[in-house]
Amino acid sequence: MKHPKSYDTTPETSKRMSRVHLKQGKAEVLLAKCLWHLGFRYRLNDKRLPGSPDIAILKYNIAIFVDGEFWHGQNWEKRKPKLKRNREYWIAKIEENIARDIRVDQDLRNLGWEPIHFWSKEVLSQLDGCLEDIEELICRRKAEMIILDTDISNDWFLDE
């Protein structure tokens, strides 16, 4: 996406945008620390994976994304008409982000990974629920791994 040469902006907007961070946001750090304290080990922003997930639990092939509500288009159809400044740019930018999220999720699934997304405000306000969702996914992935392992180990008699 091409950025415009100039923006229709105010000093307040410029200051607010300067505080936006691509990585290590408050919600992302909180979720990662809680997972660590629960005993789950992970990699942050693993560039080897499509989309560089915020948190990648390698043992279970789980990719966790903590998405900003504005940037990733939460309630996009309701928010889109409310955009006032630089409308064309933001609509194109956010719709491109939404399409990329869908593409990255499919790429991860094709590699045997399970993507899971949380909104940053959801993590901050409902942390326990997010952790429960992740733990349920880990249990499911463990069960899938046991089934796969059992299927492979039961093929020993076919060699005779």
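Ranked by accessible surface with a 1.4 Å probe, highest first, in what order do Ile91, Ile55 come?
Ile91, Ile55
Label Lys59 and Leu131 with points 7 Å out from Cα along Cα→Cβ: what is the distance between them in nm?
Result for the modelled spin labels: 1.6 nm.
When only the heavy atoms of the protein chains count and the probe is 1.4 Å, how do Val123, Val104, Val29 rank by accessible area, highest first?
Accessible-area ranking of Val123, Val104, Val29, largest first: Val29, Val104, Val123.
Under a 1.4 angstrom probe, counting protein chains only, how are Ile134, Ile116 ranked by accessible area, largest first?
Values: Ile134 0, Ile116 30 Å².
Largest accessible area first, the list is Ile116, Ile134.
Evaluate the relative contact order of segment 29-73 (contact order divided by residue number), counting alpha-carbon pairs under 8 angstrom at least 6 apart; express in whole percent.
Contact order relative to length: 24 percent.
Rolling a 1.4 angstrom probe over the protein chains, ignoring ligands and nucleic acids, what is the accessible area of Glu132 in square angstrom, nearest 10?
Glu132 exposes around 100 Å² with every protein chain in place.
The values are calculated or read from the model by the stated rules, or taken from the named source; none is laboratory data. Since we're looking at a predicted model, the values are computed, not measured. Virtual Cβ from ideal backbone geometry, glycine too; neighbours counted across all protein chains shown. For the accessible areas, the whole protein counts, side chains as well, though only heavy atoms, and no ligand, DNA or RNA atoms are used. Shrake-Rupley method; radii C 1.70, N 1.55, O 1.52, S 1.80 Å.
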